[in-house]
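Below is one structure, written out as structure tokens, with a few remarks after it.
Computed from the coordinates by the stated procedures, all read-outs in this text should not be read as laboratory data. Keep in mind that what you see is a predicted model, and the values were worked out from it rather than measured. Glycine also receives a Cβ, built like all others from the backbone with ideal geometry; neighbour counts cover every protein chain displayed.
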Amino acid sequence: MTVSITPDQLAAFDEVSTAALARRLEDDDYPSPFDGLADWHLMRALAIHRPELARPYLHLVDQEPFDED
């Protein structure tokens with residue numbers, strides 16, 4: 001099952017709801033890994049489409065480069 005993040009869903013976010021999303025991601029206490037992944041994708045979409053809201057939480061979506069060697 002694929003769930004799309006809609007523009008209306010992103011538009012509904014404000015500082016309070018973004019902070020709640022970030023808190024869930026930081027706590028990382030999800031019933032399944034897929035729930036956490038869904039929140040991560042939502043925060044990533046906010047970082048792309050609503051950067052003013054996600055800016056304080058970019059550490060939750062930034063991927064650090066790593067050396068495969």
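Summing Cβ point charges (Lys, Arg +1; Asp, Glu -1) relative to the Cα centre of the range 7-60 gives a dipole of roughly 200 debye. Across the chain, the convex hull enclosing all Cα atoms gives 120 Å³ per residue.
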